[in-house]
1. I need the phi-derived Karplus couplings for the range 29-42: 6.51 cos²θ - 1.76 cosθ + 1.60, θ = phi - 60°, integer Hz, Gly and Pro marked x.
2. Normalise the Debye intensity by I(0) for the chain, one equal point scatterer per Cα, no solvent, then take log10 at q = 0.20 Å⁻¹ and round to two decimals.
3. As a test of the definition: which semi-axes, in Å, follow for the range 34-112 when you take the square root of five times each eigenvalue of its alpha carbon gyration tensor? Largest first, please.
4. Let me check I've understood the local charge: for Ile92, count other residues with C-beta under 11 angstrom from its C-beta, Lys and Arg +1, Asp and Glu -1. What total comes out?
5. Per residue of the range 120-134, what does 6.51 cos²θ - 1.76 cosθ + 1.60 with θ = phi - 60° give for ³J(HN,Hα)? Whole Hz please, x for Gly and Pro, Karplus curve as stated.
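Throughout, read-outs are computed from the coordinates displayed, never taken from laboratory work. Everything quoted here is computed from the prediction, not taken from an experiment. Reconstructed Cβ throughout: ideal geometry from the backbone, glycine too, with neighbour counts over all protein chains shown.
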Amino acid sequence: MSAQKGKDLLLKLDDGTGNFVTVAGLRTRRFSLNADTVDASSADSVGRWRELLAGAGLIRSSISGTGIFKNAQSDNLVQQNFFNGVIGNWQIIVPAFGTIAGLFQITSLDYRGEHAAEVTFDLALESAGPLTFTHV
């Protein structure tokens with residue numbers, strides 16, 4: 001994959017009608033896929049090296065971003081999902097890679113404002129079920 005513009009990584013949320021709305025103007029974003037391990041080591045492990053049990057750990061994903069809300073629709077949608085504890089249907093569009101989609105819950109929503117600048121927010125999501133991947 002060749003170099004891509006960071007601004008092209010998009011975070012979208014289903015507005016409840018099946019229509020995905022781009023969430024705010026994210027200036028920085030991070031998407032992580034993680035897999036927990038299960039230690040299967042025993043006194044018989046060769047050289048006392050740790051052994052892992054294949055396919056036994058939990059798989060999860062987290063997303064974080066910082067930005068500004070671009071309009072009242074995306075602002076309200078994110079706030080409603082957070083305050084109501086909604087597990088929403090999200091899409092993460094990774095340019096020249098594909099789309100990762102699934103259920104996520106907003107686990108953190110922070111707002112801040114500088115004296116001579118716009119109000120910004122930090123958003124954190126955690127996966128709440130299996131994700132699908134559609135390659136470009």
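1. 8, 9, 10, 10, 10, 10, 10, 6, 10, 10, 6, 10, 5, 8
2. Debye curve over Cα of the chain, log10 I(q)/I(0) at q = 0.20 Å⁻¹: -1.18.
3. On the way: eigenvalues 305, 44, 27 Å².
One finds semi-axes of 39, 15, 12 Å for the range 34-112.
4. On the way: positive: Lys12, Arg29, Arg30; negative: none.
Here the count lands on +3.
5. Computed from phi, the couplings for the range 120-134 are 10, 9, 10, 10, 10, 10, 10, 5, 10, x, x, 10, 10, 10, 10 Hz.
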